[in-house]
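In what follows, a single structure is set out as structure tokens and then discussed.
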């Protein structure tokens, strides 16, 4: 038997094992469904962009040009108890609460407004050079989305960029991250144009659990409603509040998240392109708001964080404009109303095995 004849079977076996390794290591994050505990009325005219539940009180950020607002809402009835309108040209977005001050994003204007938690009085502004989508505070820093697959971390005092991480499920990017909730050191994010919420480890960007929230609304209720958007954690019960843009209901649900996802009320909870546009109603065919010129960088009238309350034990630098360099939102022109979830990707070890098999075949043929 020739040397080639002896090596061929072993090379073929190595190649087969490599292919098998690639196929067998693609393990997706587990998918769960919410267990509905209770339902409440929700304003069907509210284009929900952010939810915050603090001490049992529900706050909501709404969008649409000329209709954007910050609201305090009666959770049980859906009645708006207090409201302040944003400037007509601003499109309200994500909302977070830290040290008694709300920070409310805008979509295309690059301006985040600081407001007093009780009176909603404006206290100052931050600026940023990406789109604004979702926002939460994890007890150390703000976590923000811009419609891409990245979580961006920002300083609690200056809103300066501290870093970012791409979000992926088994190596595959998860784009269109929208409204956020920080809970127990993890982040939950709505994925725009889907009924999916992803539960993320912000240190690695890995998706730990996928929540399939399809079917919360009946077909009749879903008629005229927009996409799922809005997550708030209830530290008293361990349950979550979920709703959507123009949804007639707010749902209290229980989520059995993956191991390590147990919500800890003392660890990071908050005291909280786009064709079609992610911020316009899906059925709206009107013109998108034009992108504004780059805004100036006004300084907050008071610091966002008190040094005595900063989790890291020290205040940030004096308020200043954030640094540049945040990755902007990617082009999602190919997305659909119900985009397929991110697929699986083989591990590095699997690819090494496959490469070894291919090399063995090459050596056998060369011999």
- Note on the structure: Among 180, 193, 188, the single one that is part of a loop (DSSP other than H, G, I, E, B) and under 22 Å from residue 33 (Cβ atoms) is 193
- Message: Considering only segment 184-206, I want to know if a residue exists there that is under 22 Å from residue 74 (Cβ atoms), at pLDDT 95 or above and in contact with a strand residue (DSSP E or B) (Cβ under 7 Å, 6 or more places away or on another chain).
- Response: no
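The values are calculated or read from the model by the stated rules, or taken from the named source; none is laboratory data. Values in this document were obtained by computation on a predicted structure and should not be read as measured data. So basically every Cβ, Gly included, is an ideal-geometry build from the backbone, and we count neighbours across all protein chains shown.
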